1. So, in nm, how far is label residue A:70 from label residue A:219 when the simple model puts each one 7 Å beyond its Cα toward the Cβ?
2. Based on other C-beta atoms within 10 Å, arrange C:21, C:34 from fewest to most.
3. If I build a Gaussian network model for chain C, linking alpha-carbon pairs within less than 10 angstrom, which residue out of C:223, C:129, C:108 has the largest mean-square fluctuation?
4. Other chains' Cβ within 10 Å of B:72-80 residues: what's the mean?
5. Please work out the ratio of the alpha-carbon Rg of the range C:33-274 to 2.2 N^0.38 Å and round it to two decimals.
6. Packing-wise, with mean Cβ within 10 Å as the measure, how do C:250-262, C:93-105 rank, highest first?
7. List the lysines whose Cα sits under 26 Å from the Cα of residue C:230, skipping any in the same chain fewer than 8 residues away.
8. Helix A:138-150 against the longest principal axis of chain A: what's the angle in degrees, Cα atoms only, rounded to the nearest 10?
Amino acid sequence: MAEPLVRLTDLKKSYGNFEAVKGIDLEIAAGEFIAIMGPSGCGKTTTLRMLAGLEAPSGGEIFIGGERMNDVPAHERDTPMVWQSLALFPFLSVRENVEFGLKMRGLPKRERRERVAVWLERLGLEGFEKRRVDALSGGQRQRVALARSLVTEPKMLFLDEPLSALDAHLVIRMQGVLSKLQKDLGITFVYVTHSQSEAFAMADRVVIMGHGEIVQTGRPKDIFRAPRNRFVAEFVGRNNIFAGTVAGGVINVDGTQLPLPGAADGPAEIVVAADRMTVSLERPNTAALEAEFVSEEFVGTAIICYFEGPGGEELKAQVTERELELLAPEPGKHFFLSWEPDAPHVMAVTS
Amino acid sequence: MLYLAIVFAFVFAPIITSMIFSFNSDRFPTVPLGEFTTHWYETAFSRPEVWEAMQNSLIVALTAATLSTALGFATAYTDYRYNFRFKSAYIALALLPPTIPLVIMGLAMLAWLARLGISGTLTGIIIAHTVMAAPFAMAICRLRLSQMDPALEAAAWNLGASQWRAMRSVVVPFCLPAIVSAFCLTAAVSFDEFVVAWFVSGLNKTVPVVILEILQGNVDPQINAIGTFVFLTSMTLVVVAQLLITRRRKA
Amino acid sequence: MRIDGYRYTWRLPLIVWQALFFIGPLMLMVAMSFWLVRNYRMTPDFVFDNWDRMMSRSFFWDAYEVTLVRACVAAVLATLIAFPASYALAFKVSDTVRRWAIFLLVVPFFTSYLVRIYAWQVLLAESGPINAVLGFGGIGPFSMLNSGFGTMVGYMTLVLPLVIILQTTSLAGIDRNLIEAAWNLGASPVRTLFRVIIPAAKVGLIIGAVFAFILSFGDFVSPFYLGGSKPPTLSILIIDTTKSGQQWPLAAVVAIMMIVTLFVVAVAAVGAAYGRRRS
């Protein structure tokens, strides 16, 4: 296999006694849209900052394009970044902001102007050259930040939670802009976020981090269907997690026997996605959990119903509007939850 | 509200009366006021030592303001950007001078500068005023820096600016309003300071030292004339600085 | 990591400058207090003559007492006079009025303190405008100069603007919901003031008082020109001993005593401001 664009080996960062990043290995291919995802404090932003040269690693190595980057200062790396706060220069106009990187590289004025014009047009910002950045809307500022980072035509772009300050409807639109931009340019995007929906909507590959370590890497769909352990399953959300003991292809969850064909005997944790759950008023023929209805939530066109299971755990099931009407749930009403035998995914038990 | 008016009246009474008295013909003014006159201005400004003092004050104020603004900015930036051992001691060292009573500063400075052989020179006054004014410059710059997104400087590096380049093209432009006001404020502090200047000045007097000496000799409404003039100069400086900042913001 | 010259370019100037022109002078002053003075000449030495001479004089202790008492009175007075004004500025007026008021309070910093004191000297004189006005009403004349009253007027001129600014800023920073919650829970306005507002603004109030103390403690202009320098304060003592006859080491002793006092007061005040509240 060809040398990957980015290679991290046993990368570490500690602040005093606190280990923010505990030795991670990761390869990023050219042209890939990769999302690094995890709860706050998991080390994802620190990892990105080390890639950009804004933090010095405490150990391990960073290779970009086959070259060791550990000691290359930030301004000599070609790793532009889009910041969570955008970090647009408030005392400069839109053009001057976008031009900044070209100016630092010593490009003559005429060429700078041309390239700025191209990028402003590309991002739908023509006519805004002389505006001050604080006179722009959130979405426009976002695009100025993108233009500023992309105008130098880098091989990759780092994005640090760039959409977290936007309104919900703008987030969806910017996701589209980003996806399209990445495909058109064919460059690598490294996207750091705590939002599962952003990561899954855009990324080719998702890296889940927790407590300074990489927990799971894979395509969004694989991570969603087959989370490696409880941490990932909980973080990804809309999952039902059951802990129990397997004996002879059957798992005992709080006294309810549920079939789990092919599973090894012993303690196990399984996960069933909310959209694989079936909710019934009567006890079905297959094994089912009896649960008490709590509330429902509308997510787009789907509806998620929340239940309290026999062990007090929260259970989620996705239903259609029609099903909801038939079930007529009310808080406190009892239902039966079941799933197809192939629905559960057995996870590694975290001690 | 009435109370507020009384307190403000107390604060402004001496300022306003000194302006009024500066145009009043009585040597020992009382009510009713005497006639309108510019006599005190004429006598004050016909004295060569007043002009010399003006010149000295200007040199001292501009130099001390430049030095203390530079020092204050460097310290504020260090505090903003870096963490290091003994940082709280460093900050205390930076902010301590205004808590030392002026007479003590005057005495200590006089003794020290005499040892260095520069007491009685303008250089001595400039040094003393820089020590005293730098904390104010630091406070103003620090306040501005605390409004600066830390990502801003990092963004400049990220876009290819070296640390020095980022300082020049991002940090300084961002702090420019604060730097200008720090300069004006420290200039005004120096322009108005008389205790330490009096201790160390020798024959090179600044305007407030001349006022002090008039006050020690024959009390004379010339003081009002000079004081009003100095006040208007300082206020003009401050207002001009303010206008510069506002215009910049709009541009 | 490379050696970072950049970092030290910003960090070192202050250290070098303050060592040379702030710590140096103060250290020399401390050292000087142990020097020997003979025939009006100072010789570096380590003797306690100057300390003995100062500490054994009753006029030093009288001056110390006067200075300390007056500075305390000034701090209390300034806090009490400023508080209603700051309260009004923080809660009773619009933001625009408050901004203008603060701007106006900054103006005095740009006028010569000396000129202001001279103006008071004229205003308060036996035949001055205030007595003249009072005279029309058949009262007075009062002799207000060369007294503790005159000194206090001077101190207030010096410290009031600053104290009001500090108090207003800290009062305006109190969360309004806190005050409304107190009312909502049935606290009377007076109770709210003492139980909610004053505790919440405690740090600002104490800092204001400390600044009033420090400034009054060290000022020599008011006690000299409005107080008639009788009895002398410590700062007048320093000036007398410095300006007349090269008695720098004696002045240094007084200066050190002042710094020690200020330090103790400042530490006590910080303790009071940030210390745990006693129930």
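1. Here the modelled spin labels are 3.6 nm apart.
2. The fewest-first ordering by Cβ neighbours comes to C:34, C:21.
3. C:129
4. Average per residue, whole number: 4.
5. 1.24
6. Ranking the peptides C:250-262, C:93-105 by packing returns C:250-262, C:93-105.
7. C:243
8. The angle comes out near 60 degrees.
Only the coordinates and a few stated rules stand behind these numbers; no lab work does. Model, not experiment: these values are computed from the prediction. Using ideal geometry, Cβ is built from the backbone for each residue, glycine included, and neighbour counts are taken over all protein chains shown.
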